[in-house]
Structure formats: C-alpha cells, structure tokens
Amino acid sequence: MMMAGQPEIRRLKIERFRGLQSLDWRPSSGVNLIVGGGDTGKSTVLEAIALLFSPVGNVGVQETDYFDRETDAEFMIEATIRAPADMELEAKATQALLPWEWKDASATMPEVDLTGGAAPVSALETVYVVRARGTEGIEVIWEIVQPDRSVASFPPGLRRLFGIVRLSGDDRNDRDLRLVHGSALDRLVSKPNFKAQVSQQIAQFDLALDVEQTDALKRLADDLEKRGLPRGDRLGLTSGQGISIGSLIGLMAQKNGTSLPLASWGAGTRRMASLAVASQMDAKFRITLIDEIERGLEPYRLRDLADDLLSEEGQAFITTHSSVALNAFASASLHYMDTKSTLAQLERAKVQNHQAAHPETFLARVAIIGEGDTEVGFLTVLLEKALSKSPRKLGFHLSSGGGDDKMLPLLQAISATGLVCAALCDNDDKSPGLWAAVKVLMKDTLLQWENGCIEENVIAHVPDADLWDLLADPDGATGDRARTIADRLGVVSKDRADIEAACAAKGTTLRAVILAAATGKKDSAPDEAAKKAWAKHPQKWFKSVDGGAELANKLFTMNLWPNIESTMLPFFNALRHLAGDLPLKPGDIS
C-alpha cells in the first residue's frame, strides 16, 4: 500500500563510514532530535544521509571516509524509505523498481503468488531500500536494492526528488548561498543553459591594460610562440581545479545602502539565509538535516526556527548541544547517541515533561536525578563532599524528577538508552517488579531507600534526646515547625515541654509527630480544613531544595552520617567511578 505525504526514512543502516563502525537505527516521523557527547558520531549520521541522497553525480570521497581509514573494506549507507505515491519513483526510474513491504519495523519480501495468479493486495506499506557504497577504488556507487537482491541504479535525478535541505555545523553554509554545483541556490535559480550564459558573459570580459602592460604581454606571447606553445596575450578570469566560475557568484543583500555578499554576514544569518533559499526551491518533497541547530542563533530565533520545523510535514534530523533547543523541541522525538555510537530513542511520553523543564539533563556527561526538590538539595551538599571536583566541572547535572509518580517512567526511558544516569528515590512499595528491572540496568547508580522516603530514613536515626534539634532552622522556620507539631497534637502552646506532654497524653511519640508533619500525613486530621492545612506542613520542614540541603547538613552536625553511610557509599562510589576517581572508604566523607 502506497501512502501520500512526505518521504520518510524508516530505517538507517551505516557500516564502516568514518567513525561509525556499525549503526542500525529506526528514526521517527517528523523531527528527530539527536543528542549525545562530543565525537560520538551525531554529525556523521547527518553526513551519511546527505551523501546517500546527494543531488550531484560525482561526490569526492577520501580515505578518511572509511572506518579506520581502511579502504580495502567498503563503507555502506543504506536506508529503507517510504516514497509517497505522487513522488512517482517507479515511473521516473530508468529501470524497473520492485518495492518491499514494511512489516515488523523492517523491509520484507512482498507476497508472491507462485501459481502465476495475481498477487494478493497487501495492506502493508510499500518501501524501497536505497544505499550508497564506498568502494575499494574510493568512489561512491548509489543503488536501489530490489527484493530479489538485484540492484538498480539510484541516479542523481531520483536522489534530487527527496529534496535534501542541509545545514552543516561548520562554516561552510555559504555554499548554499553561491552557485556551487548542487547547492540550494544552484537548484533554485539554475536552468539547463544558465551556467553557459554566465560563462559566455565572463568570457567577453577583458582587462583594460596600459601600454607598458600590453607590451609585456606581447613579449610573453612572442616568446611562447617561438617555443611552439599556444600564444597567450590576454588576461581573463579563470578557475582552478575544483572551483567553477559559477561558485564566485552568490546571493547579495543590502546593508546601509551597500550590497554585500550574504556569505560574509554572521554565522546565524548565513545559516538562516541558507535555509530560506532551500525552502524556496520548487520541491514538493523535503528531508531536512541541521547540524548544531543552535549555532549562531539567539534563543528567540532558535525557538522560531523550532516552531517552523515542528509545524512542517516533512522529516527532519537535527543535532544539538543546546538546552534552549531541547526545550524548544520538547514535542520532537529525542534520540541519544552514546560513546559506543549506539542511537536509541527516549520514549517521548516518559521524558517530554522533564525535557521541557530540565533540558540540560539530556546533555550532561552524567545525569543525576533526585525524586524531588528535597533530594536535589540533599545531594547538592553530599556530592560536594563525595566527589573530587565540583559536579558541574565533571559534567554532572542534578535535577528534580518531579515526584514519585514521574520518577519511575523517567528512569525507565533513560536507562534504556546509553545516557548515563544516577538517581535517589523513595520506596513507596509501588511496582516493585518495575523498579527491580530499572535497578538491574542502573546498578549502584540507583539508590532507592529500602523503605520509605528520605525524611523517614534520616529522622529514624536521630536519638530521642536530639529530636527537638530537628526543628532548628537557619532561615527562621523553627517556630513554624513547632506550630505544625502543636496543631497535630491539638494544643496551643509551642513550648517543648507542653508538646512532649501532649504526645504522652495522646499515646504517641515526638518522633512520630515530627515525621508526620515533615511528610505531610493527613489521615488522622479531624476535618477537611485540617487535612488541607496538614498537607502543607512539609513546606515548613524539608520539602524544598534548601530544606534538603539543611537535612544533609544535619547528618553531620547531629552526627547521623555514620548511620546511613553504608547505604549511601556504594552510590557515591559509583559516581566517583564515572568521574575517574578511586572509591571512598568508610569515614572518608565528613
């Protein structure tokens, strides 16, 4: 079954191309945003797609385009593509093309009636397999792979149908602003005889020389003739190998009444102009490739560009190192490329909110996620003590997971990719099987309390005589904390003696009431108004980044750290291993 709309790459396989030894990736429809560390191969993926659909006939390759520079083994770029019916790929091909069928995320053989009858009409989507091979002779051959494993030619005329629009991450974007063969400007304005007309006009150009210069050229011409060489007595514009006269012609723009080549403007302007030129081409179909989309663009222009790309129908492949871009493309498909050059998609429904709120998580060397603000503040203090350098200098980024209901799906999505992640979580005894599966993937970089939340696991180790010290707040909330306890006990006085007496009268303990107030328990509230008030009590305690930091500091001022050191040390040593540091021993953190 042939579909209408835009062409799409359903599967991309790359073998031995530049730094990619092997890649098998299934991109999504729409915008595919690729993130990952430096030199992992993100740009190479875009360059491979650009080469596969190159609109020019001859593309020069070098030995550096072959993995490990070994040219005796071919490189291969292969894509399974969906070509819409109105592209008329089969009609425009010079050879008969046989389509494949898309089934189980792969191209499969179409059903054939071996009795000679008509093949059954399939409800499966029709796809084609195209590839570019870098041969041992260091040249590129483009092919369409047929279901019977024969190959047909994939010439420039068919490749141009896919309307590749490309912005690279370097300074060569002015190529699309000049009449370089195959550039966006060339495809926009060139006609079959356009370059011939340019050459004829330039051929008529002759420099006005004075008498002395003319005599010097005449003497040179006479000498050339005596030597049996072609007589040359004029000067004109010429081009060297790899350079055409047309490439000297480019798009001009006015600035303060002066006409300047757009290629000489700023990087952001050049890139946006190149994209504008490409968008004006009379191309019905388009696949967009943008490397480092943030390059040269202010945040507002980057967000405008993101809005435009997200609103378009065609498929796009974009790399970025920008948190602004990640925020702007929160509705795009996000893919992470790890140090092994494995490209994996992060499940959008599970990461979209975190991507919008904490985009730097997906750009960090190590993403550390606390279940909530308390955990973020708590870890902020402890990481400074446990690591040899500031987390920021190590490329570690700390963020809030947004609560227990969001934490599990977020970690499921991240741990399924190569994005290195660590997390500190509560244990509410929900979905133990799913948490166990995440623990298998994350190992010691996941610290989930054996039971309960962070407040419960710290306060449990406070001696009875020191419980009142938990109320002491450097920011002046001591009285407010005492009030939350008094309200739960039904007494007016906030004095320690009165509160302890009320605890004894009600058959409870000060520890239990403090825990209830710090965690917002409300099941014993006398009425709805009290329930609402009690639910806000944690805000007076440790339910904030500052509160989490205070709780971490109390570990040391109240000598509580030795009680939880054995629980937390494997987590911090896992992070130290990622930082390249030696493990800590008990007693090293103080």
Name the pairs: first residue in the range 431-453 and over 24 Å from residue 418 (Cβ atoms), second residue outside any loop (DSSP other than H, G, I, E, B), Cβ to Cβ under 6 Å, at least 6 apart or on different chains?
449/427; 449/457; 451/427
Is it the case that residue 313 is acidic (Asp, Glu), over 30 Å from residue 415 (Cβ atoms) and either buried (at least 21 other Cβ atoms within 10 Å of the Cβ) or in contact (Cβ under 8 Å) with a residue 60 or more places away in the chain (or both)?
yes
Test: residue in the range 292-301 that is free of Cβ contacts under 8 Å to residues at least 40 places away in the same chain, in contact with a strand residue (DSSP E or B) (Cβ under 9 Å, 6 or more places away or on another chain) and either assigned to a helix (DSSP H, G or I) or over 26 Å from residue 367 (Cα atoms) (or both)
no
Cβ pairs under 8 Å, 6+ apart or interchain, first in the range 63-88 and modelled with pLDDT under 95 and part of a loop (DSSP other than H, G, I, E, B), second among the polar types (S, T, N, Q) and surrounded by fewer than 21 Cβ atoms within 10 Å (Cβ to Cβ), ordered by first then second residue, are 83/126
Reported set for the range 487-500 where residues are among the hydrophobic types (A, V, I, L, M, F, W, C) and either in contact with a Gly (Cβ under 9 Å, 6 or more places away or on another chain) or closer than 19 Å to residue 470 by Cβ (or both) is 489, 491, 497, 499
Restricting attention to helices (runs of 4 or more DSSP H) lying wholly within the range 463-546, give those where 3 or more residues are crowded, with 17+ Cβ neighbours inside 10 Å and of a type in the set (Gly, Ala, Ser).
510-519
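Every residue, every condition in (1) modelled with pLDDT of 95 or more; (2) in a strand (DSSP E or B), yes or no:
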| position | (1), (2) |
| --- | --- |
| 6 | no, no |
| 11 | yes, yes |
| 15 | yes, yes |
| 21 | yes, yes |
| 27 | yes, no |
| 40 | no, no |
| 45 | yes, no |
When residue 339 is run through (1) of a type in the set (S, T, N, Q); (2) in contact with a Pro (Cβ under 8 Å, 6 or more places away or on another chain); (3) closer than 30 Å to residue 81 by Cα, the failure sits at (2)
Within the range 362-374, can you find the residues that are within 17 Å of residue 579 (Cα to Cα) and in contact (Cβ under 8 Å) with a residue 40 or more places away in the chain?
363, 365, 366, 367, 368, 369
Could you check the range 273-303 and list, in sequence order, the residues that are surrounded by fewer than 14 Cβ atoms within 10 Å (Cβ to Cβ) and within 16 Å of residue 325 (Cα to Cα)?
298, 300
Out of 419, 410, which single residue is in contact with a Phe, Trp or Tyr (Cβ under 6 Å, 6 or more places away or on another chain), of a type in the set (A, V, I, L, M) and closer than 27 Å to residue 25 by Cα?
419
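Conditions (1) part of a strand (DSSP E or B); (2) more than 15 Å from residue 9 (Cα to Cα); (3) at pLDDT 90 or above, marked per residue:
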{"site": "97", "(1), (2), (3)": "no, yes, yes"}
{"site": "102", "(1), (2), (3)": "yes, no, yes"}
{"site": "112", "(1), (2), (3)": "no, yes, no"}
{"site": "117", "(1), (2), (3)": "no, yes, no"}
{"site": "127", "(1), (2), (3)": "yes, no, yes"}
So which residues in the range 129-149 are of a type in the set (A, V, I, L, M) and assigned to a loop (DSSP other than H, G, I, E, B), if there are any at all?
138
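Here's the yes/no breakdown for (1) free of Cβ contacts under 8 Å to residues at least 24 places away in the same chain; (2) at positive phi; (3) outside the structural domain of residue 425 (by TED's automatic domain parsing); (4) not aromatic (Phe, Trp, Tyr):
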{"residue": "501", "(1), (2), (3), (4)": "yes, no, yes, yes"}
{"residue": "513", "(1), (2), (3), (4)": "no, no, yes, yes"}
{"residue": "527", "(1), (2), (3), (4)": "yes, no, yes, yes"}
{"residue": "531", "(1), (2), (3), (4)": "yes, no, yes, yes"}
{"residue": "540", "(1), (2), (3), (4)": "no, no, yes, yes"}
{"residue": "552", "(1), (2), (3), (4)": "no, no, yes, yes"}
{"residue": "572", "(1), (2), (3), (4)": "no, no, no, no"}
{"residue": "585", "(1), (2), (3), (4)": "yes, no, yes, yes"}
{"residue": "590", "(1), (2), (3), (4)": "no, no, yes, yes"}
Of all residues in the range 334-353, which are surrounded by fewer than 20 Cβ atoms within 10 Å (Cβ to Cβ) and either in contact with a Lys or Arg (Cβ under 6 Å, 6 or more places away or on another chain) or of a type in the set (A, V, I, L, M) (or both)?
344, 349
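The values are calculated or read from the model by the stated rules, or taken from the named source; none is laboratory data. Here the structure is a predicted model, which is why all the values come from computation and not from measurement. Positions of Cβ are generated from backbone atoms using ideal geometry, with glycine treated the same way; all protein chains shown enter the neighbour counts.
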